[in-house]
Amino acid sequence: MYDQKISFENTEVAYASLSDKELKKAYWLFKMMSIQWLVNIGNSMITLCLKLNLPIQGIIKNTVFSHFCGGESLDESISLISRLKQNNIEVLLNYSVEGLEDAKGYQDTYEKTLNAIHFAKENPSVRAMCVKFTGYAHTDIWIKLQQNKELSAAERHEYLQAKSYIDKLCSEAVACDVHLYIDAEESWFQDSIDTLVDEMMEKYNQEDAYIFNTYQLYRNDKMEDFKKAHQRAMEKGYILGAKIVRGAYVEKENKYYQALGAKSPINDTKEASDKEFDDAVRYAVEHIATISLCCASHNEASNKLYFELLTQNNIVLNHKHVNSSQLLGMSDNITYNLSAMGMSTAKYMPFGPVKEVIPYLIRRAQENTSVEGQTSRELLLLEKEGKRRGI
Ligand SMILES: Cc1cc2nc3c(=O)[nH]c(=O)nc-3n(C[C@H](O)[C@H](O)[C@H](O)COP(=O)(O)OP(=O)(O)OC[C@H]3O[C@@H](n4cnc5c(N)ncnc54)[C@H](O)[C@@H]3O)c2cc1C
């Protein structure tokens with residue numbers, strides 16, 4: 001146990017669950033996504049075809065959707081959940097329908113999420129449900145709350161309804177022994193999300209961490225916030241649930257503050273974000289008894305650090321406060337190799353109707369085109385495994 005080493009190079013382990021056909025398909029997909037102009041044209045064409053009601057959903061379902069998503073429904077996702085379970089990999093489910101900004105849409109998201117929590121109770125390898133608070137009330141409301149502006153009567157009603165949905169989801173999560181991970185969003189309303197998550201953690205994490213906030217370490221103020229959240233948990237006697245990420249909105253954040261002529265809270269360099277993230281890993285491992293940590297990252301160095309700190313400190317790799325998660329369809333070399341060493345891992349698995357999940361898929365395609373080195377890393381590993389299999 002003491003001071004074990006981890007390597008993410010073993011492609012036999014990484015792609016153990018992919019057939020030759022699936023391996024080739026994954027390679028082809030990443031090859032396509034590595035071509036910037038193709039992704040740009042592809043994204044515009046998909047949007048246009050959907051507007052014109054052209055029947056492209058079948059093609060999408062058999063390509064990007066099947067690579068990055070569990071299925072259109074929970075039932076459809078079961079076979080993939082079972083396959084991951086065979087490799088001791090758990091699942092973080094997300095009902096990935098976005099932009100339903102009205103009462104009916106919020107109610108639908110609530111009902112689908114509640115249903116998924118109940119599904120998780122029956123399928124214990126579903127570790128958590130992931131939710132975005134903007135799926136329950138309009139973004140403008142979260143912004144106003146952060147700015148301490150008064151809400152109109154209708155907004156107040158919408159907020160209270162959202163809070164009641166969220167409270168019910170938290171209490172059901174505890175009753176069903178499922179975690180609820182709250183996504184971090186843009187900095188101009190993140191404080192109002194944090195306030196509500198802290199309230200829910202205080203209420204529901206007394207016995208153990210069920211409710212998790214997300215800390216974006218690409219922000220220069222988040223390491224401090226993370227420590228303060230931990231202090232608060234200690235003072236009030238609950239366990240801090242923490243999902244740590246670097247953060248998904250670098251460009252959007254920088255543009256927003258540039259337009260205001262203000263300084264962006266995003267770190268000046270990638271290296272600074274890496275350092276903050278790794279500091280958060282170190283801090284959480286030091287306080288493992290009172291922080292439950294989901295290290296949500298595709299960064300090999302950060303995952304290696306997490307793994308090595310655990311082994312150096314003689315903390316069992318499947319400790320209930322330990323988890324490393326990656327998106328379905330990405331960085332299998334990290335998830336599967338960590339899991340093979342006995343570490344608690346999970347895949348973030350979106351589900352929902354193909355048409356509704358398209359914004360998520362477009363983001364994945366863009367990310368895999370723009371993230372320096374990510375696509376070439378995936379391609380290299382898939383190529384290596386293809387050669388090993390002689391296909
Ligand atoms: C399970 C899971 C859940 C997630 N949940 C959320 C969430 O709730 N909210 C959210 O915002 N994101 C979320 N993400 C996305 C995450 O924030 C990252 O965008 C993504 O994982 C890439 O970062 P990385 O740690 O994998 O590694 P890397 O590929 O090493 O890092 C890329 C990241 O570094 C940061 N970065 C890049 N360039 C710079 C720069 N010049 N200056 C400063 N920082 C820079 C950015 O955050 C960028 O995304 C989630 C990811 C996973 C796997």
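Every condition in (1) touching a residue at least 40 places away in the same chain (Cβ under 8 Å); (2) surrounded by fewer than 22 Cβ atoms within 10 Å (Cβ to Cβ); (3) of a type in the set (K, R) is met by R219 except one, and the failing one is (2). Answer yes or no as to whether L240 is more than 10 Å from the ligand (Cβ to nearest atom), within 17 Å of Q146 (Cα to Cα), in contact (Cβ under 8 Å) with a residue 24 or more places away in the chain and of a type in the set (A, V, I, L, M). Considered against the rule, which asks whether it is more than 10 Å from the ligand (Cβ to nearest atom), within 17 Å of Q146 (Cα to Cα), in contact (Cβ under 8 Å) with a residue 24 or more places away in the chain and of a type in the set (A, V, I, L, M), L240 comes out as no. Would you please name the residue that is modelled with the lowest pLDDT, looking only at residues in the stretch 352-377 that are of a type in the set (V, I, T), under 21 Å from L100 (Cα atoms) and surrounded by 19 or more Cβ atoms within 10 Å (Cβ to Cβ)? So, considering only residues that are of a type in the set (V, I, T), under 21 Å from L100 (Cα atoms) and surrounded by 19 or more Cβ atoms within 10 Å (Cβ to Cβ), the one modelled with the lowest pLDDT is I358.
Among the residues of the stretch 316-330, just one is β-branched (V, I, T) and touching a Gly at 6+ places or on another chain (Cβ under 9 Å), namely V316. Does E385 meet the test of being modelled with pLDDT of 95 or more, within 12 Å of the ligand (Cβ to nearest atom) and of a type in the set (D, E, K, R)? So E385 fails the test. When L50, L23 are checked against the criterion of being in contact with a helix residue (DSSP H, G or I) (Cβ under 8 Å, 6 or more places away or on another chain) and farther than 23 Å from L380 by Cα, L50 stands alone in meeting it.
Taking strands (runs of 3 or more DSSP E) as the structural unit, those lying wholly within the stretch 285-378 and holding at least 2 residues that are small (G, A, S), at negative phi and within 15 Å of the ligand (Cβ to nearest atom) correspond to 291-296, 322-327.
Specify which of the listed residues (E185, E202, E276, E224) is part of a loop (DSSP other than H, G, I, E, B) and either in contact with a helix residue (DSSP H, G or I) (Cβ under 9 Å, 6 or more places away or on another chain) or more than 13 Å from the ligand (Cβ to nearest atom) (or both). Exactly one of E185, E202, E276, E224 is part of a loop (DSSP other than H, G, I, E, B) and either in contact with a helix residue (DSSP H, G or I) (Cβ under 9 Å, 6 or more places away or on another chain) or more than 13 Å from the ligand (Cβ to nearest atom) (or both), namely E185. On inspection, Q161 fails the criterion of being within 13 Å of the ligand (Cβ to nearest atom), part of a helix (DSSP H, G or I) and out of contact with any Leu (no Cβ under 9 Å at 6 or more places or on another chain). For the stretch 1-59, filtered to residues that are among the acidic types (D, E) and not in a helix (DSSP H, G or I), the residue that is modelled with the highest pLDDT is E9. Collect the residues in the stretch 245-271 that are within 6 Å of the ligand (Cβ to nearest atom), within 23 Å of D183 (Cβ to Cβ) and either out of contact with any strand residue (DSSP E or B) (no Cβ under 9 Å at 6 or more places or on another chain) or assigned to a helix (DSSP H, G or I) (or both), keeping them in residue-number order. Answer for the stretch 245-271, where residues must be within 6 Å of the ligand (Cβ to nearest atom), within 23 Å of D183 (Cβ to Cβ) and either out of contact with any strand residue (DSSP E or B) (no Cβ under 9 Å at 6 or more places or on another chain) or assigned to a helix (DSSP H, G or I) (or both): V250, K270. Quick check: is even one residue across the stretch 343-351 buried (at least 24 other Cβ atoms within 10 Å of the Cβ) and of a type in the set (S, T, Y)? Yes: the stretch 343-351 contains one or more residues that are buried (at least 24 other Cβ atoms within 10 Å of the Cβ) and of a type in the set (S, T, Y). On inspection, D75 passes the criterion of being under 16 Å from G352 (Cβ atoms) and free of Cβ contacts under 8 Å to residues at least 24 places away in the same chain.
The set of residues in the stretch 195-214 that are within 27 Å of I266 (Cβ to Cβ) and either surrounded by 21 or more Cβ atoms within 10 Å (Cβ to Cβ) or hydrophobic (A, V, I, L, M, F, W, C) (or both) comprises L196, V197, M200, M201, I211, F212, N213, T214.
Could you tell me whether any residue of the stretch 149-158 is in a helix (DSSP H, G or I) and crowded, with 18+ Cβ neighbours inside 10 Å? Among the residues of the stretch 149-158, at least one is in a helix (DSSP H, G or I) and crowded, with 18+ Cβ neighbours inside 10 Å, which makes the answer yes.
The values are calculated or read from the model by the stated rules, or taken from the named source; none is laboratory data. Being a predicted model, the structure only gives us computed values, none of them experimental. All Cβ positions, even for glycine, are placed from backbone atoms using ideal geometry, and neighbour counts span all protein chains on display.
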